[in-house]
Amino acid sequence: MENTKKVALVTGAGKGIGHAIAVALAEAGYHIGVHYRSSEEEALETKKICEGYGAEVLLLKADIDDYAACEDMVQKIKEKWGRVDVLVNNAGITKDNLILRMKPEDFESVIHTNLTSAFYLSKLCSSLMMKKRYGRIINISSISGVRGNAGQANYAASKAGLIGLTKTIAKELAGRNITANAIAPGFITTDMTAALNEEIQEKIKTQIPLNRFGTPQDIAKTVVFLCSEGGDYITGQVISVDGGMNI
Ligand code: NAP
């Protein structure tokens with residue numbers, strides 16, 4: 001029997017923002033492809049919570065830097081459910097340094113994980129989406145990609161690149177009822193930002209009009225909205241979810 005429930009693939013769903021997105025989409029009625037690379041225990045926890053909402057879950061371990069691993073992941077989803085309706089390119093890394101000190105390999109690896117892998121998965125998933133004439137691609141960009149940020153030449157370039165990728169996918173695939181949007185989070189409390197010392201965190205807080213750091217759920221709620229009927233006519237946009245940081 002063909003699966004009629006919608007299917008979402010969320011990368012980096014073991015922890016942080018990806019975990020919250022996977023759980024929120026499960027709650028919204030999707031089956032979930034929970035992708036992870038090294039956070040296996042956390043991914044199992046994501047799976048358990050999603051199943052608690054009635055979702056079927058496929059645990060997918062892959063290094064998304066590797067195109068063949070991405071192909072394998074999408075193939076597994078195809079075999080299990082025969083469709084993918086939503087792709088959330090969330091997995092990402094930072095390797096911050098001032099440009100004079102940044103090693104070329106650290107520039108390249110951040111671009112590869114944050115941008116090239118999103119291209120890989122968008123390409124692979126859109127071929128399945130086109131057959132169903134439905135798809136929602138959501139790329140997790142960053143305020144750094146919109147404004148630039150000292151110490152993040154690699155990260156900001158990758159996140160700005162994601163915006164160009166998003167707009168291009170939106171134009172190329174609109175005719176097949178596939179939308180593509182980017183979300184640009186500000187400062188969200190996760191392991192990624194826990195690496196910043198308290199002094200820097202307090203300095204950042206003074207730049208946030210809503211006077212608090214965001215939560216992974218703040219981003220997840222925006223993803224669910226874009227995937228709902230409310231998002232049907234929104235494509236090629238960059239949605240800031242940043243407490244007003246980008247005003
Ligand atoms: P996080 O807690 O550090 O999680 C990053 C995720 O990326 C992990 O699940 C990790 O998987 C996955 N990942 C990294 N490299 C990978 C690779 N080569 N192959 C497969 N998976 C890989 O970060 P987060 O804060 O939740 O961030 C999620 C996204 O939001 C990122 O794209 C980040 O740039 C963006 N963002 C975050 C903030 C913020 O303030 N936190 C702000 C703006 C944008 P494993 O742990 O399984 O290895």
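The values are calculated or read from the model by the stated rules, or taken from the named source; none is laboratory data. All values derive from a computational prediction rather than experimental measurement. Heads up, the Cβs are rebuilt from the backbone with ideal geometry, glycines too, and the neighbour counts pull from every protein chain shown. Accessible surface areas use protein heavy atoms only, side chains included; no ligands, DNA or RNA. Shrake-Rupley method; radii C 1.70, N 1.55, O 1.52, S 1.80 Å.
Remarks
- Complete set of residues in segment 89-110 that are in a helix (DSSP H, G or I) and open to solvent by 40 Å² or more (accessible area, probe 1.4 Å): PRO104, GLU105, ASP106, PHE107, GLU108
- Which listed residue, of ALA118, ALA68, is under 30 Å from GLN237 (Cβ atoms) and within 16 Å of the ligand (Cβ to nearest atom): ALA118
- Test for PHE187: is it without any contact (Cβ under 8 Å) to a residue 24 or more places away in the chain and within 17 Å of the chain's Cα centre (by Cα): no
- Per-region count, segment 224-247, residues free of Cβ contacts under 8 Å to residues at least 24 places away in the same chain and either open to solvent by 60 Å² or more (accessible area, probe 1.4 Å) or touching an Asp or Glu at 6+ places or on another chain (Cβ under 9 Å) (or both): 3
- Residue satisfying all of: in segment 39-65; part of a helix (DSSP H, G or I) and among the acidic types (Asp, Glu); farthest from the ligand (Cβ to nearest atom) among these: GLU51
- Listed by first and then second residue, the pairs with beta-carbon distance under 6 Å, at least 6 apart or on different chains, first residue in segment 7-23 and basic (Lys, Arg), second open to solvent by 10 Å² or more (accessible area, probe 1.4 Å) and within 6 Å of the ligand (Cβ to nearest atom), are LYS15/SER39.
- Considered as a group, the residues in segment 1-21 that are of a type in the set (A, V, I, L, M) and outside any strand (DSSP E or B) include one that is farthest from GLU42 (Cα to Cα), and that residue is MET1.
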